[in-house]
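Here is the structure we will look at.
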Amino acid sequence: MGAGGTVGAANAARATPDGYTFFMGAIHHTIAESVYSKLTYNLERRFHSDHVVATVPQVMVVHPEAPVQDDQGAGRLRQGQPGQAQLRSRGAGTAHHLAMELFMKVTGTSMVHVPYRGAGPMMQDSSPPDRLVFDRHGHVGYADERRQASRLLAIATPKRVAQFPDLPTMDEVGIPGMVVSSWYALWAIKGHAQGDRRRAVPGNRQAMNQSGHEEDLDSQVADIGGMPPDQFTSYVHSEIGRWGKVVRDPA
């Protein structure tokens, strides 16, 4: 995709609305509207927001040797050492980076952002114990918890998840407003016939619910679909506004 997914989105924006070409995007495309000043397309004007494919919650993670036992402890530690602790992410302008900026804004903490060129380099780094991470639950939280490579502090969901019933939400540890998920969705190019768009929704849901996917989706703590087109259109608009405020007025 490249450049926060904007290269792929730009290619899709140039495509002909033939009824067969759809654009698979994600939360980072709503962030890109504020991060990149020279986009060759406008997400809301060029695409129909069709439907959410899956939503995966983000978790707050620390090194297992970090002197932090819970999310509240993380906030107190960082307030006592402004600018010294580090937050690492898959890259500048990603959903994980913006989740960190939102965390600092909500808690009034100050940390140094350390961006990497993707998830691989980030996870291969022998991180010192004073680094925090926000990431998709399945990629960092689920796998690393099992090999004791990280400690989960809290999950950024409205309520606890069944896979980790003892993991508190951010709200439960005293940090309201920290509900952040990495969601993935289909957009149709403006001009698609409505019938073509309607056929895509049940077809995608059928594919996602095929036998054999359950274990993989469960490991990602993924919630499949569940948002109709009209609601998704409003959600995309609100996400663009929400992350635009974080970009323009960081912690």
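Taking other Cβ atoms within 10 Å as a rough exposure proxy, F164, F103 sort from fewest to most as F164, F103. Residues M104, M60, M178, arranged from fewest to most other Cβ atoms within 10 angstrom of their Cβ, appear as M104, M178, M60. Which shape class applies to the stretch 1-50: rounded if a/c is under 1.5, otherwise prolate when a/b exceeds b/c and oblate if not, where a ≥ b ≥ c are the square roots of the Cα gyration tensor eigenvalues? Here the stretch 1-50 falls in the prolate category. When each of T6, T40 is scored by the number of other beta-carbon atoms lying within 10 Å, the sequence from fewest to most is T40, T6.
The stretch 10-71: which chymotrypsin sites (Phe, Trp or Tyr not before Pro) are DSSP loop and have at most 10 other beta-carbon atoms within 10 angstrom?
Working: sites: Y20, F22, F23, Y36, Y41, F47; in loops: Y20, Y36, Y41.
Within the stretch 10-71, the qualifying chymotrypsin sites (Phe, Trp or Tyr not before Pro) (loop, at most 10 other Cβ atoms within 10 Å) are Y20.
Listed by chain and number, the lysines whose alpha-carbon sits under 30 Å from that of K190, ignoring those within fewer than 8 places in the same chain, are K38, K245.
Laboratory data are not the source of any read-out in this text; all were calculated from the coordinates shown. Bear in mind that the values here come from a model prediction, so they are computed numbers and not experimental data. Glycine also receives a Cβ, built like all others from the backbone with ideal geometry; neighbour counts cover every protein chain displayed.
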